[in-house]
Amino acid sequence: MPSALESPEGGEEDVLHYEEIEDGAVSPMDLSELLKEGTKESHDRAENTQFVKDFLKGRIKKELFKLATVALYFTYSALEEEMDHNKDNPVFAPLYFPVELHRREALAKDLKYFYGEEWKEKIQCSEATQQYVDRIHHVGQHEPELLVAHAYTRYMGDLSGGQVLKKVAQRALKLPSTEEGIKFYVFDNISNAQQFKQLYRARMNALDLDKNTKERIVEEANKAFRFNMQVFDELDKIGRSLAEEAQDGGFPVHDGKGDIRKCPYYADKLGTASPSCPFHAALGLARQPLVQLLLAACMAVAAGAAAWYIL
């Protein structure tokens, strides 16, 4: 493996040498250790949400995966916007790795793959995701030192468990081997994820932070986990409302519950211009007097036939 992370152009100007990492003992008061220990319970709870458990077992519907990608797009757009604003702030600057880590462009490619050229007009920020986004903006604008918590929670997870999810999604959703649809999980400018994570933690530990600030960062990281779990729960509820995808490529039958405009599958398949739901259409037809008369006649014939058979 190369001993450095090269810039996209292949030059040495932006090279990050792994040799910056020292092999000294880790202190219990190091921020990386405080975050690891202080978020362990939250991490375990997040991994045990129904959405994540189903995902890891390959039980992920394509429409739900697309919505999860949408949520990630809005989340990383907010996070990276605030990181850009604070790239020169000493409380965050050492952790600013836009070439290596930023995910917004990769997520845009995934959304273009799933939704087509007009993907921006077809997506919207969900309620749970919006709460997460609002918190990130608040932190970036008023408490930038807490951005460390959000960056740590997201990017370190992407470089760890995210790589497992990438393989699961590719296999379960039969995505192309060329990685369309899962660019989010591909870090082209990181040659060795484990060594990069070590470098990142070393940079975190070198931040000039007092004990109180470190405790606030750990608390914020737990909040970040909670925001993520709220998004997972929201996706899980949507997943339960989605019918199984039709095996023949046809439409699944909508169960008639809720507003059809909030049904992601139909909104995507039929477009945003007054989509119609087969269930609702049939229900409307059944309300017509003539149709009701015909249905009553058919039921009477069926009842008579059943009575004859029993006798």
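With all pairs of different alpha carbon atoms counted, what Kirkwood hydrodynamic radius in Å does the stretch 162-211 show?
Details: mean 1/r = 0.0762 Å⁻¹.
One over the average 1/r among Cα pairs gives 13.1 Å for the stretch 162-211.
Want the number for A193 to R45: 0.36 nm per residue separation, take away the alpha-carbon distance, what's left?
Numbers: separation 148, 0.36 × 148 = 53.28 nm, distance 2.44 nm.
That pair, A193 and R45, stretches by 50.8 nm at full extension.
Using a 1.4 angstrom probe with every protein chain in place, what is the largest-first accessible-area order of K166, K211?
Working: K166 35, K211 130 Å².
I get K211, K166, largest accessible area first.
Of the listed pairs K109/K223; K36/K183; K87/K112; K211/K237; K57/K214, which have alpha-carbon separations greater than 32 Å here?
Working: K109/K223 29 Å; K36/K183 27 Å; K87/K112 28 Å; K211/K237 40 Å; K57/K214 36 Å.
As for pairs spanning more than 32 Å Cα to Cα, those are K211/K237; K57/K214.
Which semi-axes, in whole Å and largest first, does the equivalent ellipsoid of the stretch 82-181 have when worked out from the alpha carbon gyration tensor as the square roots of 5 times its eigenvalues? Walk me through the intermediate numbers first.
Working: eigenvalues 153, 60, 33 Å².
Ellipsoid half-lengths, sorted descending, are 28, 17, 13 Å.
Hey, can you find the accessible area per residue of the stretch 31-241 for me, probe 1.4 Å, expressed in square angstrom?
On the way: 9870 Å² over 211 residues.
Per-residue value: 47 Å².
Compute the length gained on full extension between S177 and E219: take 0.36 nm times their separation in residues and subtract their Cα-Cα distance, giving the result in nm to one decimal.
Details: separation 42, 0.36 × 42 = 15.12 nm, distance 3.95 nm.
Length gained, S177 through E219: 11.2 nm.
Thinking of the stretch 31-241 as a set of Cα atoms, what percent of all their pairs are more than 32 Å apart?
Details: 2879 of 22155 pairs.
For the stretch 31-241, the share of Cα pairs beyond 32 Å comes to 13 percent.
Sort 37-44, 82-89, 171-178, 155-162 by packing, meaning the average of other beta carbons within 10 Å per residue, with the highest value first.
Working: 37-44: 14.1, 82-89: 15.9, 171-178: 11.5, 155-162: 18.0.
Packing proxy ranking, top to bottom: 155-162, 82-89, 37-44, 171-178.
Mind ranking E117, E33 by accessible surface for me, highest first, 1.4 Å probe?
Numbers: E117 135, E33 55 Å².
Of E117, E33, the descending order of accessible area is E117, E33.
Taking H placed 1.01 Å from N in the peptide plane, check which residues at least 5 places from F187 or on another chain put their amide H under 5 Å from its amide H.
Amide H to amide H, under 5 Å and 5 or more residues apart or across chains, F187 pairs with nothing.
The values are calculated or read from the model by the stated rules, or taken from the named source; none is laboratory data. What you see is a predicted model, and the numbers here were worked out from it, not measured in a lab. Virtual Cβ from ideal backbone geometry, glycine too; neighbours counted across all protein chains shown. All accessible areas refer to the heavy atoms of the entire protein, side chains included, with ligands and DNA or RNA removed. Shrake-Rupley method; radii C 1.70, N 1.55, O 1.52, S 1.80 Å.
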